[in-house]
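A short worksheet on the structure shown next.
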Amino acid sequence: MNLRRRLLIEWALIALFGTLAVILATHWRGTSAFDNLVYDQLSSFSRPQPDDQILLINIDEASLARIGKWPWNRNIHARLIDKLAAAGPRTILLDVLMSEAANEADDSALADAMRKSGAVFLPLNFHSPGSDGKAYDTEYPLPTLGAAAKGVGHVNITFDNDGIVRRVNLCFASDERRWPHLAELVYRNGARPSRAFARMPRCGQELLLPYAPRDSYSEISFADALEGGIPEQLVKGRDIIIGATAAGMGDNYPAPFSDGGIVSGSEIMANMVAALRRDGFITPAPTWQIALLSLLPMWLLMLGFLRWQPRTALIVSLCLIATVLLASTSALSANIWFPSGAALIGIILVYPLWGWRRLQAMSAFMQSELGELEREGEIVPLALNPDRGSDLVGRQSAALGSAIDHLRDLRRFVSDSLEHLPDPMFVTDTVGTVTMANHRIEEYLGPKLKGTTLKSLLDRIVAPAHRRNVDEYLREIEREPDGDHQPFVRFVSPDGSHFVMRSAPVVNDVDVHVGQIHYLADISALAQAENDREEALQLLSHDMRSPQSAIIALLPTVPDKDVSRRIEGHARRTIALAQDFVDVARMGESPFEGSDVLLANLAHDIADNLWPLAREREVTIEVTDQSDSAFVLAEPDSLSRAITNILDNAVKFSPLGGSILVTTRRISDVAGNMLELTICDNGPGIDPELLPRLFTRFAARSAPDARIKSSGLGLTYVRAVAERHGGKVWVENGTKGACFHLRLPEAVDPIPDPDA
């Protein structure tokens, strides 16, 4: 597995692990201790001012000492309520549970006082777990008192995991009904619910309570209020909260203050009423939002790991930690609590994990690559640095540095080799940008070709008329780097020079196409030679044939018919010689364009054409078809002429009254199904010394006293035609005369198109 793939897999695993850790920490509040600490510190920086419309009357140690041991006679509470009612308070919150009956007269006196004031609110409480397997037990106020109160609400206290009261519940749903909190009823005082209560999506949602500075609310002792005179301006229009603050009464709770300590239930109630009045409760963000926002910085860091350098990743990690804390602070100032612990957990987990895995992967990769280089023999064996003072990665890095130095030397060697190539050469990448060029092409086009585009380079070196062919050649290489395409392309430059360009794909060690290398060969001299040859061929095919044709045209004027016939024979042989030479020279320059030809019929036609010559020599030609009328893919004109050359020679070299046997048959050899044409005569045969080179140019020669002379080009043409058709020709001497064998591939029936 290569390094990139391994790092991507480990990156995905770390991202998955970090995501699960953040989600689990959010769902199970695994970072609640840290989040509570952060919340306490942040909330202490900006505490709300106490509400001056609230007055606390405390049942403190001094009151217990002066009035007596708790519980007090309820007549005492009645007297205080009467005294307070006379001053015109807005509400009186009696934060004392009175669920058990006492003296009937005292209970009635308290009920009468509450009823006359019309502003007293009483608490009820829920104890969890309840008795007899119930989830909770409800502790109601005495029915007489509950009926006299203006309202009854719950006063349940919610504790966090560390036992501190940070959250409150404005609504508690019991089996009977939904109970608003007592502070909510005090805020309403018969009017509409608070905005915080109205926004709650469900009963039971917890809100964070912002605390005013400790002991900042106006307060007086219960005994002082009962026995002394209470100024009317201290009570009129205010919310009066009567609650226990004495240490032994169990109504004091830990609060989120940095100096520790506890606050009384009445002070918590005062903070709740104040928060309701200014709509200042802090709403915890929903769990799904916390999870999403906690995952965001972790995923941003994970995505950055794919592109950033280690130093950048470290700086961004620290910045993200600061950003998370700042975001939590900013949200708190907007009365929204976003706990930052899960987000910090994600950042703190993935950064060291990724650093560790990347270091481990790099170490394993370096070890693997060094071993691979040694096995491939590209570098000499490199031992790790024996200095045990450095760690393993340090020693591996030193060994890799030595290998890189060696590869630099190899690269320099390759670069120098390319630079001193005799032909122009340049290399392009996958987008067509020149990445390397040797001095040969820079001499032609100028220096500083590196970085230019292939298009601009071709604009300077290829004439417009040849640009299309060059572009098509390069597109074929790009589409199929390893495909079967033409080996090179030939073009002319704007200054008239002739070039051949050969391009080849460049692949890396994992067979990925990374560019192309282009070689240029200046063939201007060869092009000039080709032009000269073409002029010579034109001379042979036209300028030499024209005089011979003129001679033939003048022969009727020669009185001696025998001389005329001999001159005509020599002239026609000269024309045939010129045509054979031109056809052989041009045979390889034109593409093969074949069609299906019935070989037996072609042999019959040729025999018929040579019948006059055979009749003159009293030679019989017999054509036999043993091929079951098979076809060959051939160019009819050239194949007919080649067979004519062989059969014409057979007629010429046969004795008077001789016979020639022409046979076509189907055979199979290593090349597949073939058709073979055999022409056998009963002449004198061929000189054994001439047989090995009979089909070479100008090899055939007749004896000085032979009846017929040979130029040696006819059989050269036959061999060229056989090879052009993918076949072969050979000759052998039989018991009587010579046998020529022409073997050609049988035409293949086309495969039918199933969609046709």
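The values are calculated or read from the model by the stated rules, or taken from the named source; none is laboratory data. Small disclaimer: the values here were computed from a predicted structure and weren't measured. Cβ: placed from backbone, ideal geometry, glycine included. Neighbour counts: every protein chain shown.
General remarks:
- Close pairs from segment 453-467: first in contact (Cβ under 8 Å) with a residue 12 or more places away in the chain and of a type in the set (Ser, Thr, Tyr), partner outside any helix (DSSP H, G or I) and surrounded by 14 or more Cβ atoms within 10 Å (Cβ to Cβ), Cβ under 7 Å, at least 6 apart: Thr453/Gly432; Thr453/Thr433
- Residues satisfying the criterion are present in segment 632-640 (criterion: part of a helix (DSSP H, G or I), buried (at least 16 other Cβ atoms within 10 Å of the Cβ) and modelled with pLDDT under 90).
- Residue in segment 262-274 that is among the charged types (D, E, K, R) and either out of contact with any helix residue (DSSP H, G or I) (no Cβ under 9 Å at 6 or more places or on another chain) or surrounded by fewer than 18 Cβ atoms within 10 Å (Cβ to Cβ) (or both) present: yes
- Residue that is surrounded by the fewest Cβ atoms within 10 Å (Cβ to Cβ) [pool: residues in segment 644-667 that are of a type in the set (Ser, Thr, Tyr) and touching a helix residue (DSSP H, G or I) at 6+ places or on another chain (Cβ under 8 Å)]: Thr644
- Checking each residue in segment 614-631 for being closer than 12 Å to Leu677 by Cβ, hydroxyl-bearing (Ser, Thr, Tyr) and in a strand (DSSP E or B) picks out only Thr624.
- Contacts under 7 angstrom Cβ, first residue in segment 668-695 being touching a residue at least 24 places away in the same chain (Cβ under 8 Å) and assigned by TED's automatic domain parsing to the domain that holds Asn645, partner of a type in the set (S, T, N, Q) and outside any strand (DSSP E or B), 6 or more apart: Leu675/Ser627; Asp681/Ser654; Asn682/Ser654; Gly683/Ser654; Phe695/Thr716
Residues checked against (1) closer than 29 Å to Leu209 by Cα; (2) out of contact with any Lys or Arg (no Cβ under 6 Å at 6 or more places or on another chain):
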{"residue": "Ile54", "(1), (2)": "yes, yes"}
{"residue": "Asp60", "(1), (2)": "yes, yes"}
{"residue": "Asn73", "(1), (2)": "no, yes"}
{"residue": "Pro89", "(1), (2)": "yes, no"}
{"residue": "Ile92", "(1), (2)": "yes, yes"}
{"residue": "Pro129", "(1), (2)": "yes, yes"}
{"residue": "Ala148", "(1), (2)": "no, no"}
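- In segment 181-223, residue surrounded by the most Cβ atoms within 10 Å (Cβ to Cβ) [restricted to those that are under 22 Å from Ile242 (Cβ atoms) and either charged (D, E, K, R) or assigned by TED's automatic domain parsing to the domain that holds Trp337 (or both)]: Glu184
- Matching entry among Leu110, Leu145 (being touching a His at 6+ places or on another chain (Cβ under 8 Å), without any contact (Cβ under 8 Å) to a residue 60 or more places away in the chain and part of a helix (DSSP H, G or I)): Leu110
- Total residues in segment 611-638, condition more than 60 Å from the chain's Cα centre (by Cα) and either among the β-branched types (Val, Ile, Thr) or over 25 Å from Arg743 (Cβ atoms) (or both): 12
- Verdict on Ser368 being surrounded by fewer than 16 Cβ atoms within 10 Å (Cβ to Cβ), modelled with pLDDT of 65 or more, outside any loop (DSSP other than H, G, I, E, B) and small (Gly, Ala, Ser): yes
- Scanning segment 256-270 for residues that are more than 19 Å from His181 (Cα to Cα) and either of a type in the set (A, V, I, L, M, F, W, C) or touching a strand residue (DSSP E or B) at 6+ places or on another chain (Cβ under 6 Å) (or both) yields a count of 2.
- Note on segment 42-70: among residues that are of a type in the set (Ser, Thr, Tyr) and touching a helix residue (DSSP H, G or I) at 6+ places or on another chain (Cβ under 8 Å), the one that is surrounded by the fewest Cβ atoms within 10 Å (Cβ to Cβ) is Ser46.
- Selection within segment 181-217 - among the hydroxyl-bearing types (Ser, Thr, Tyr) and in contact with a Cys (Cβ under 9 Å, 6 or more places away or on another chain): none
- Pair list, Cβ under 8 Å, 6 or more apart: segment 211-229 residue closer than 30 Å to Leu332 by Cα, other residue surrounded by 15 or more Cβ atoms within 10 Å (Cβ to Cβ) and of a type in the set (Phe, Trp, Tyr): Tyr211/Phe257; Arg214/Phe257
- Check on Ser317, in contact with a strand residue (DSSP E or B) (Cβ under 7 Å, 6 or more places away or on another chain) and of a type in the set (S, T, N, Q): no
- Residue within segment 236-251 that is within 30 Å of Asp40 (Cβ to Cβ), at pLDDT below 90, of a type in the set (A, V, I, L, M, F, W, C) and surrounded by fewer than 20 Cβ atoms within 10 Å (Cβ to Cβ) present: yes
- Filtered residues of segment 309-341 (kept if closer than 24 Å to Ser46 by Cβ, touching a residue at least 12 places away in the same chain (Cβ under 8 Å) and among the hydrophobic types (A, V, I, L, M, F, W, C)): Ile321, Val324, Leu325, Ala327, Ala331, Leu332, Ile336, Trp337, Phe338
- Of all residue pairs spaced 6 or more apart or on separate chains, those with beta-carbon atoms under 9 Å, a first member in segment 232-243 that is in contact (Cβ under 8 Å) with a residue 24 or more places away in the chain and among the basic types (Lys, Arg) and a second member that is surrounded by fewer than 21 Cβ atoms within 10 Å (Cβ to Cβ) and part of a strand (DSSP E or B) are Arg238/Ser218.
- Set side by side, the residues Leu64, Leu20, Leu80, Leu84 differ, and just one is within 30 Å of Ala342 (Cβ to Cβ), modelled with pLDDT under 95 and assigned to a helix (DSSP H, G or I), which is Leu20.
- Every residue from segment 474-519 that is part of a helix (DSSP H, G or I), of a type in the set (Lys, Arg) and surrounded by 11 or more Cβ atoms within 10 Å (Cβ to Cβ): Arg475
- Hey, Ile643 within 30 Å of Glu593 (Cβ to Cβ), β-branched (Val, Ile, Thr) and assigned to a strand (DSSP E or B) or not: no
- Filtering segment 30-39 for residues that are within 39 Å of the chain's Cα centre (by Cα), closer than 30 Å to Glu267 by Cβ and assigned to a loop (DSSP other than H, G, I, E, B) leaves a non-empty set.
- Residue that is loosely packed, with under 14 Cβ neighbours inside 10 Å and not polar (S, T, N, Q), where the choices are Asp132, Asp112: Asp132
- Check on Leu306, touching a helix residue (DSSP H, G or I) at 6+ places or on another chain (Cβ under 9 Å), exposed (fewer than 12 other Cβ atoms within 10 Å of the Cβ) and either farther than 25 Å from Leu42 by Cα or in the same structural domain as Leu359 (by TED's automatic domain parsing) (or both): yes
- Qualifying residue in segment 402-423 (condition: at pLDDT 80 or above and not hydroxyl-bearing (Ser, Thr, Tyr)): no
- Condition met for Thr158 (among the β-branched types (Val, Ile, Thr) and exposed (fewer than 13 other Cβ atoms within 10 Å of the Cβ)): yes
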